[in-house]
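J.: This is the structure I want to talk about, given as structure tokens.
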Amino acid sequence: MRIAVTGKQGQVVTSLLERGAGKAEIIAVGRPELDLSDPASVATSFEALRPDVIINAAAYTMVDKAEQDQETAFRVNAEGAGAVAAAAARLGAPLIHISTDYVFDGQLDRPYREDDPTGPTGAYGRSKLTGEQRVAENCDNCAILRTAWVYSPFGANFVKTMLRLGETRPELGVVADQRGNPTSALDIADGVLAVAERMTTDNSGELRGVFHMTGATEATWADFAEAIFALAEKHGRPAVSVKRITTADYPTPAKRPANSRLDSSKLRQLYGVALPDWRPSLAACVDRLLGHS
């Protein structure tokens, strides 16, 4: 199976290159050859590659900066996603598009299901929701996978930030009134590869559409941080205490959802794909970042 993935350095594409080794031919394609802000480059890149499956894993992900740079966010996350979908449709290749929990407003009192009303509160979420709509309009043969709170040994993410800050600070204030599903990019890669394989052999309409894909079990950011620091201590790092603060104590340009929990049962029921609990995956991530001592 020949899989083309947008992006070259993101957490998901890097994880796909690692997890896909020996299972599929994974081709990461990004700037300058493929630029999501340039639809012509998207079309020509995929025409040259002729993949069996396309995964759109690249995106403008700077949530706060998007508030001041909405044009770029929409050009990449909406128009770019639409261009990828149009290219997939022309080639007749299944498309897997990675989306986000930020399409919801975070006010629901339970994990969000795929058919719950969307209502993004910031530019990033609006750009990603518009991207979902463009994908669905341009390609029937697609699976839109929403995920959240992504971390890995690669790129910039919450785990790496906590480990860096914990080197010099004995206490860190971490938000405790936002709840979600920490999700390993390596687990996402495993799930995406399973979805890709199924899509190439099964044309069922029920396997197309929107799905949620997150790590099992939930946490607050403060819970997540405490788990990170506990694991770091086992590697000889100094103890770091977490001061539980509120969202109001840590204002940001973009509003974060109070509830980012996603219900992934549809994916499990229809694809047989369920990502594991975040804790063992986090332990493996910290092991890689700090060594196995």
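J.: Is there a quick way to get the dipole size of segment 1-122? I mean about its Cα centre, with the Cβ of Lys and Arg at +1 and of Asp and Glu at -1; what is the value in debye to the nearest 20?
T.: So the dipole magnitude of segment 1-122 works out to roughly 560 debye.
J.: Find out how many positive minus negative residues lie around ALA189, taking Lys and Arg as positive, Asp and Glu as negative, among other residues whose Cβ is under 9 Å from that of ALA189.
T.: Local charge sum for ALA189: -2.
J.: Return one quarter of the surface area of the convex hull spanned by the alpha-carbon atoms of segment 166-227, equal to its mean projected area, in nm².
T.: Its average projected convex-hull area is 6.0 nm².
J.: Suppose every Lys and Arg Cβ carries +1 and every Asp and Glu Cβ carries -1, with no other charges. What dipole size does the chain come out with about its Cα centre, to the nearest 20 debye?
T.: With Lys and Arg at +1 and Asp and Glu at -1, about 460 debye.
J.: If you don't mind, another one. Please report, to one decimal in angstroms, the Kirkwood hydrodynamic radius of segment 37-102 built from all distinct Cα-Cα pairs.
T.: Here the Kirkwood hydrodynamic radius works out to 12.4 Å.
J.: Which length gain, in nm to one decimal place, applies between ASP287 and THR44 when the Cα-Cα distance is subtracted from 0.36 nm times their residue separation?
T.: Extra length from ASP287 to THR44 when fully extended: 83.4 nm.
J.: Between ARG113 and PHE158, what is 0.36 nm times their sequence separation minus the Cα-Cα distance? Round to one decimal in nm.
T.: 13.7 nm
J.: For the chain, take the alpha-carbon Rg, divide it by the Kirkwood Rh, and send me Rg/Rh.
T.: Here Rg/Rh amounts to 0.96.
J.: In whole Å, how far is the Cα centre of segment 237-270 from that of segment 99-141?
T.: What the calculation gives is 17 Å, centre to centre.
J.: Further question: Quick one: if you stick a label point 7 Å off each Cα along the C-beta vector at GLU233 and THR252, how many nm between them?
T.: Roughly 2.7 nm, to one decimal.
J.: Also, quick follow-up: Mean shadow of segment 143-293, computed from the convex hull of its alpha carbons, in nm²?
T.: Computing the convex hull of the Cα atoms and averaging its projections yields 9.6 nm².
J.: What FRET efficiency, computed as 1/(1 + (r/R0)^6) with R0 = 35 Å and r the Cβ-Cβ distance, is obtained for ARG169 and GLU18, rounded to the nearest 0.05?
T.: E(calc), rounded to 0.05, equals 0.65.
J.: Looking at segment 150-261, what % of its DSSP beta bridges pair antiparallel, to the nearest 5?
T.: 20
J.: Taking K and R as +1 and D and E as -1, what net charge do the other residues with C-beta under 15 Å from the C-beta of ASP140 add up to?
T.: So the environment of ASP140 carries a net charge of -1.
J.: For segment 138-189, compute Rg over Rh where Rg is the Cα radius of gyration and Rh is the Kirkwood radius from the inverse mean 1/r over Cα pairs.
T.: A ratio of 1.13.
J.: Express the C-alpha Rg of segment 204-293 as a ratio against the empirical globular expectation 2.2 N^0.38 Å, rounded to two decimals.
T.: Ratio of Cα Rg to 2.2 N^0.38 Å: 1.40.
J.: What value, in deg cm²/dmol to 500, does the helix sum -39500 (n - 2.57) over DSSP H runs of n ≥ 4 give at 222 nm once divided by the residues of the chain?
T.: About -11500 deg cm²/dmol.
J.: For the chain, what number of Lys pairs, 8 or more residues apart or on separate chains, have alpha-carbon atoms under 26 Å from each other?
T.: Pairs that pass both the separation and distance tests number 16.
J.: What number comes out for the charge environment of HIS235, summing +1 per Lys or Arg and -1 per Asp or Glu over other residues with Cβ under 15 Å away?
T.: +2
J.: Could you state the number of Å between the C-alpha centres of segment 1-62 and segment 210-236?
T.: Their Cα centres are 28 Å away from one another.
Bear in mind these aren't lab numbers, they're just calculated from the coordinates by the rules spelled out. Small disclaimer: the values here were computed from a predicted structure and weren't measured. Counting neighbours? That spans all protein chains shown, and the Cβs are built from the backbone with ideal geometry, glycine included.
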